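The values are calculated or read from the model by the stated rules, or taken from the named source; none is laboratory data. Fair warning: this is a prediction, and the values are worked out from it, not measured in the lab. Backbone-built Cβ (ideal geometry, glycine too); neighbour counts: all protein chains shown. For the accessible areas, the whole protein counts, side chains as well, though only heavy atoms, and no ligand, DNA or RNA atoms are used. Shrake-Rupley method; radii C 1.70, N 1.55, O 1.52, S 1.80 Å.
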Amino acid sequence: CALPILTQTFEALSANLVQGAISYCAMDWRHMGEILAASRAVSWDFLNLCIWVKSNGGMGSFYRSRHELFFVFRNGKTPHLNNVQLGRFGRNRQNVWNYPGANAFKRKGQAESLDLHPTVKPVALVADAMLDSTKRGDIVLDPFVGSGTIFIAAERTGRRAYGIEIDGRYVRSEEH
């Protein structure tokens with residue numbers, strides 16, 4: 001069951017996030033219950049559910065998912081930063097996000113990107129989420145860094161990214 005690690009991670013995040021910070025949590029539909037239970041355990045407000053529509057279906061047997069869920073939570077009761085405001089600042093966004101999936105980028109002869117990490121997110125998707133709810137210079141945190149997309153997106157949007165990854169296959173460590 002994923003609930004204990006999610007709850008512990010969300011507790012650590014809550015203690016280190018500013019009040020009003022937005023958390024985007026990508027999760028497969030099979031674990032919706034666990035992510036919602038963990039968010040309730042730390043009193044996060046569930047603001048929305050965004051659906052990433054990919055260009056191709058992913059893994060599966062009965063139906064292959066061509067989407068991924070992004071749960072949008074707010075830490076605390078303080079108002080969150082909203083850079084969308086119904087298009088007021090030129091950001092006309094909805095909760096259905098259309099971005100090509102990583103497996104759509106594969107060219108003949110290249111290593112399959114899913115061999116590197118099973119849930120690679122497009123940089124543009126992560127960058128757009130950052131632009132929706134943070135300002136230039138803000139810190140963004142990813143407790144499940146995976147392929148490291150957050151670092152590229154933060155660089156491109158002028159944010160500072162920090163991350164944690166438990167699986168050493170996906171991160172490179174250098175001694176200084």
| field | Members of region 115-149 found to be open to solvent by less than 30 Å² (accessible area, probe 1.4 Å) and small (Gly, Ala, Ser), listed by number | value | Ala127, Ala129, Ser133, Gly146, Gly148
| task | Name every residue in region 122-146 that is part of a loop (DSSP other than H, G, I, E, B) and out of contact with any Asp or Glu (no Cβ under 9 Å at 6 or more places or on another chain), in order of residue number. | result | Pro122, Thr134, Lys135, Arg136, Gly137, Asp138
| Of Thr149, Thr134, which residue is under 10 Å from the mean Cα position of the chain (by Cα), closer than 22 Å to Asn95 by Cβ and not aliphatic (A, V, I, L, M)? | Thr149
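Which residues, counting only those in region 1-12, are without any contact (Cβ under 8 Å) to a residue 60 or more places away in the chain and in a helix (DSSP H, G or I)? Show your work before the answer.
Kept after step one, since they are without any contact (Cβ under 8 Å) to a residue 60 or more places away in the chain, are these residues of region 1-12: 1-8, 10-11.
Listed by number, the residues that qualify are Leu3, Pro4, Ile5, Leu6, Thr7, Gln8, Phe10, Glu11.
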| Residues (open to solvent by 80 Å² or more (accessible area, probe 1.4 Å), modelled with pLDDT of 80 or more and not in a helix (DSSP H, G or I)) located in region 150-174 | Arg160, Tyr162, Ile164, Ile166
| From the set of residues in region 13-35 that are without any contact (Cβ under 8 Å) to a residue 40 or more places away in the chain and surrounded by fewer than 18 Cβ atoms within 10 Å (Cβ to Cβ), which is nearest to Leu131 (Cα to Cα)? | Ala15
